[in-house]
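This report refers to the structure that appears directly beneath it.
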Amino acid sequence: MYHQYGFQSPRSILAATAQEAVYAAEQIGFPVALKVASPDIVHKTDIGGVMLNLTSAEQVRQAFDRILTAAQMAFPQARLEGVEVQEMVAGGTEVIIGLLDDAQFGPVIMFGLGGVFTEVLQDVSFRVLPIKCDDAQQMIREIQGYAVLKGYRGRPPVSEEMLIQLLMNAARMGEDLAGRLQSADFNPIVVWDDQHRVLDCKLIWHPEPRPRPQPARPNTAHLDKFFTARSVALVGASATPGRVGNAVLDSLLNYDYRGKVYPINPTRSEIMGAKTYPTLQEAPDDIELVVAAVELRLVPEIIRTCAAKGIHNLVVVSGGGKELGGERAALEAEVRQLARELDVRVVGPNCIGVFDGYTRLDTFFQVQQRMVRPRPGHIAMITQSGAVGIPFLELAANLGFSKFVSYGNRADVDEADLLTYLAEDPQTHLIAMYVEGFEDGRKFLEAARQVTCKKPVVIFKVGRTERAARASISHTGFFGGSYGVALGAFRQAGLVPVNSIEELLAVTKALAMQPLAHGNRVAMISNGAGTMVQGIDLLKPNGLEIPELSAGSLARLRQAYPPYYIVQNPIDVTGSGTAADYEVGIETLLQDENVDIVMPWFVFQDTPLEEDIVQRLGRLNRRYGKPILVGTLGGPYTMRMSQALEAEGVPVFQGVRDWIAAARGSWLAGQRLAR
């Protein structure tokens, strides 16, 4: 089948007996390779089912017998069709191309180094189908083994144009067979110059054909009222401190929100001085948002009441849905169905709800004595986990937030809906995301593609372990169940992926406080070389480069600095470095056309470094349009200096990894928007 998609295989003849194998080898010409032919044996090499470089009839006879014996011992029940005698392909590099019907994203394509290296190195890249030639090129270039494909030790490079064409051919096959094909492994494909040969191919089909994936369109209807509602009803309002319904009422009633608040409680006439209503039905008709802090089994009736009163927005903070399985999952499914039938948008269940930095609408059940609310600003965060969103919101509070949504189990409103809404929100310039998994990966991918053309989106996804259950079936299925597919989709959409909540915070800070980088070339300067060496070790794995400074920059620095300063990239002003030394060095780097990102590291504990470095760096920050990302590490004095720098608009990162992650994020976000 795969030949019609432009793939070439070595000349091959199936032999049922040793004598037939010898005859086939003579027809093809020595040397030859022998390989067991069985639909039930995937990893043929592992069981001794492959013999290579056979140069005589006697070697072929012996190899035939050994292969069949090994196969029968390893898999007594396997269907053995015989042994394939193949043209021996000498030299070249082995690669793998895979196709997979992924549970979250549908048909995807994989590329990496092939043969046994697929499992050993796990060096593969993914994209969601369909792909463009640019996607194929990025897949090839982002694997660590790309250096092998470019040629090494006198070996000529493999044609990248040919590899791109192979990926495009496989992608066409994957699209044509969507719904029927579960996975395909072309492994290995031997490639050299502009030639290739498929040495093995394994196709696994779905037992029954599936419908082709059709991503749902994001639904932004009524989302604005989650943030701008002028009146809120709280079902489950409580007079008992420590109860969720009491804490949510406190957040709505006693702080900065200026809208009307209607507590719903059948046993009280007032709570916190606010008149209560026994039921939602009996509350005033001007309600624009309902918050439910009651048992989930009561939510379907709340949705019906909302619909009857013309209310289109409901936040369900209650848990106890599909995360518990069984009848609770069925209850949540009913919530979803009613929400969609009755045009009531639902955030949750199992969440902390929403916060707006400008209207100060606040549904959190974390009291303000324990949790800081951020100032108004231009960052939006959407998170599947309230427990992750809470510390992020507090740690980034000084950066300023436009909106925050904890969407929990996403019975209705999901991350794609929210992304699409935030793309058009004038108060939001930057979006941070925390995700555990996707229900409709293609819907998310299509939404993210549109959003990242307008504003940066930084994403931290957890749940990265591989599905071991498929490991014995297919290489592609093994890797497809891992984080690899999601990462490929993120790159395809132009998202900025990070690897921890600390990196999410660091990149968000860099993008919020500094202009985006126009490239990946960084320059460093420090009064302590040790941390710069650590940073340099992390540059290449993060796709960053450290270029040579221009001749003009070097001349200026040599003229300004004493001879014991090290004038290169990175610049080392030693422990003697002063604020004036830093100012000269940083301004020189800002003016150098070879530099895209300026990265000072400060050892603030060093006595020669005066405190007016804060004002000097602030002036440079206002004068130039390149990102300045400061790194440092230390105790109380260092923290005080860091806070002073950030008051000047210069972000400071406590630790080398976050410092480098911030630079990578600035480059990736700038790269996407530049397109």
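From Gly154, Gly174, grab the single residue that is part of a loop (DSSP other than H, G, I, E, B) and among the small types (Gly, Ala, Ser).
Checking each option against the conditions leaves just Gly154.
Looking at Tyr146, Tyr152, which is the one that is open to solvent by 60 Å² or more (accessible area, probe 1.4 Å) and of a type in the set (Phe, Trp, Tyr)?
It is Tyr152.
Within region 194-213, which residues are part of a loop (DSSP other than H, G, I, E, B), more than 14 Å from Leu100 (Cα to Cα) and open to solvent by less than 70 Å² (accessible area, probe 1.4 Å)?
Once the filter is applied, which keeps residues that are part of a loop (DSSP other than H, G, I, E, B), more than 14 Å from Leu100 (Cα to Cα) and open to solvent by less than 70 Å² (accessible area, probe 1.4 Å), region 194-213 yields Leu199, Asp200.
Among the residues of region 32-49, which ones are farther than 18 Å from Met88 by Cβ and not in a loop (DSSP other than H, G, I, E, B)?
Of everything in region 32-49, those that are farther than 18 Å from Met88 by Cβ and not in a loop (DSSP other than H, G, I, E, B) turn out to be Asp46, Ile47.
Which ones in region 397-443 are of a type in the set (Asp, Glu) and touching a Pro at 6+ places or on another chain (Cβ under 9 Å)?
Answer for region 397-443, where residues must be of a type in the set (Asp, Glu) and touching a Pro at 6+ places or on another chain (Cβ under 9 Å): Asp414, Asp417, Asp440.
Yes or no, residue by residue, for (1) of a type in the set (S, T, N, Q); (2) in a loop (DSSP other than H, G, I, E, B); (3) modelled with pLDDT of 95 or more:
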residue	(1), (2), (3)
Pro215	no, yes, no
Pro218	no, yes, yes
His222	no, yes, yes
Phe227	no, no, yes
Thr240	yes, yes, yes
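Inspect region 245-264 for any residue being among the small types (Gly, Ala, Ser), more than 18 Å from Phe355 (Cα to Cα) and modelled with pLDDT of 95 or more and give the result as yes or no.
no
Could you name every one of the strands (runs of 3 or more DSSP E) located completely within region 78-146 that has at least 1 residues being at positive phi?
Of the strands (runs of 3 or more DSSP E) lying wholly inside region 78-146, those with at least 1 residues that are at positive phi span 82-87, 106-113.
Which pairs have Cβ atoms under 6 Å, sit 6 or more apart or on different chains, and link a residue in region 607-635 that is under 15 Å from Gln591 (Cβ atoms) to one that is part of a helix (DSSP H, G or I)?
Leu620/Ile586; Leu620/Glu587; Tyr624/Leu590; Lys626/Leu590; Pro627/Ser666; Ile628/Asn621
Scan region 367-399 for residues that are part of a helix (DSSP H, G or I) and either in contact (Cβ under 8 Å) with a residue 24 or more places away in the chain or open to solvent by less than 50 Å² (accessible area, probe 1.4 Å) (or both) and jot them down.
Scanning region 367-399 gives Gly386, Val388, Gly389, Ile390, Pro391, Phe392, Leu393, Leu395, Ala397, Asn398, Leu399.
Mind telling me which of the residues Leu495, Leu557, Leu549 ends up being crowded, with 20+ Cβ neighbours inside 10 Å, modelled with pLDDT of 95 or more, closer than 30 Å to Gly106 by Cβ and in contact with a strand residue (DSSP E or B) (Cβ under 8 Å, 6 or more places away or on another chain)?
The conditions single out Leu495.
Is it true that Thr93 is among the hydroxyl-bearing types (Ser, Thr, Tyr) and open to solvent by 70 Å² or more (accessible area, probe 1.4 Å)?
Judged against the criteria, Thr93 is not a match.
Please indicate, with yes or no, whether at least one residue in region 14-27 is under 25 Å from Met162 (Cβ atoms) and either acidic (Asp, Glu) or not in a helix (DSSP H, G or I) (or both).
Checking region 14-27: not a single residue is under 25 Å from Met162 (Cβ atoms) and either acidic (Asp, Glu) or not in a helix (DSSP H, G or I) (or both).
What number of residues within region 46-79 are under 21 Å from Pro10 (Cα atoms) and surrounded by 14 or more Cβ atoms within 10 Å (Cβ to Cβ)?
Of the residues in that region, 13 qualify.
Of everything in region 1-39 that's without any contact (Cβ under 8 Å) to a residue 24 or more places away in the chain and within 28 Å of Asp194 (Cα to Cα), which residue is surrounded by the most Cβ atoms within 10 Å (Cβ to Cβ)?
Gln27
The values are calculated or read from the model by the stated rules, or taken from the named source; none is laboratory data. Small disclaimer: the values here were computed from a predicted structure and weren't measured. Using ideal geometry, Cβ is built from the backbone for each residue, glycine included, and neighbour counts are taken over all protein chains shown. We work out accessible area using only protein heavy atoms, side chains counted, and drop any ligands, DNA or RNA first. Shrake-Rupley method; radii C 1.70, N 1.55, O 1.52, S 1.80 Å.
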